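Take a look at the structure set out below.
The values are calculated or read from the model by the stated rules, or taken from the named source; none is laboratory data. Just so it is clear, the structure is predicted and the values come from calculations on it, not from any experiment. A quick note on method: Cβ atoms are made from the backbone with ideal geometry, for glycine too, and the neighbour counts reach across all protein chains shown. What goes into the accessible areas is simple: the full protein's heavy atoms, side chains included, and nothing from ligands, DNA or RNA. Shrake-Rupley method; radii C 1.70, N 1.55, O 1.52, S 1.80 Å.
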Amino acid sequence: MRSFAILFIALQFSMAAWSRELPRYALILSDPAPIKARAQGGQAAVEAARTKVLAAQDAVRRELNARGVRITGASHTLLNAVFVAAE
């Protein structure tokens with residue numbers, strides 16, 4: 001999973017050089033993605049983990065918005081990340 005995140009970030013850096021848009025980044029948060037909870041406790045554990053991840057992402061989104069950072073997307077099932085465009 002970590003190698004996927006590194007590959008994704010590397011691709012984002014290389015694409016930024018080809019465009020005139022702001023560079024894009026993946027902010028990978030520390031809470032594990034909900035999919036990991038399935039092996040530990042089934043669907044109930046997945047839902048609890050998803051609630052925790054979404055709450056953490058909301059806090060990050062509020063802080064990014066306050067700082068004027070453009071949010072371009074998010075992932076909360078396989079990867080716990082918020083995607084941004086910033087210099």
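Table for the structure above
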quantity: Boolean, Gly42 is at pLDDT 85 or above, at positive phi and either surrounded by fewer than 17 Cβ atoms within 10 Å (Cβ to Cβ) or not in a strand (DSSP E or B) (or both); calculated: no
quantity: Flag if Leu11 is modelled with pLDDT under 90, more than 17 Å from Asn80 (Cβ to Cβ) and part of a helix (DSSP H, G or I); calculated: yes
quantity: Members of the range 17-47 that are over 18 Å from the mean Cα position of the chain (by Cα) and not aromatic (Phe, Trp, Tyr); calculated: Ala17, Ser19, Arg20, Glu21, Arg38, Ala39, Gln40, Gly41, Gly42, Gln43, Ala44, Ala45
quantity: Residue check for Val60: of a type outside the set (Asp, Glu), touching a residue at least 24 places away in the same chain (Cβ under 8 Å), open to solvent by 30 Å² or more (accessible area, probe 1.4 Å) and in a helix (DSSP H, G or I); calculated: yes
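This table checks each residue for (1) charged (D, E, K, R); (2) modelled with pLDDT of 90 or more.
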{"position": "Ala16", "(1), (2)": "no, no"}
{"position": "Pro32", "(1), (2)": "no, no"}
{"position": "Leu64", "(1), (2)": "no, yes"}
{"position": "Leu78", "(1), (2)": "no, no"}
{"position": "Glu87", "(1), (2)": "yes, no"}
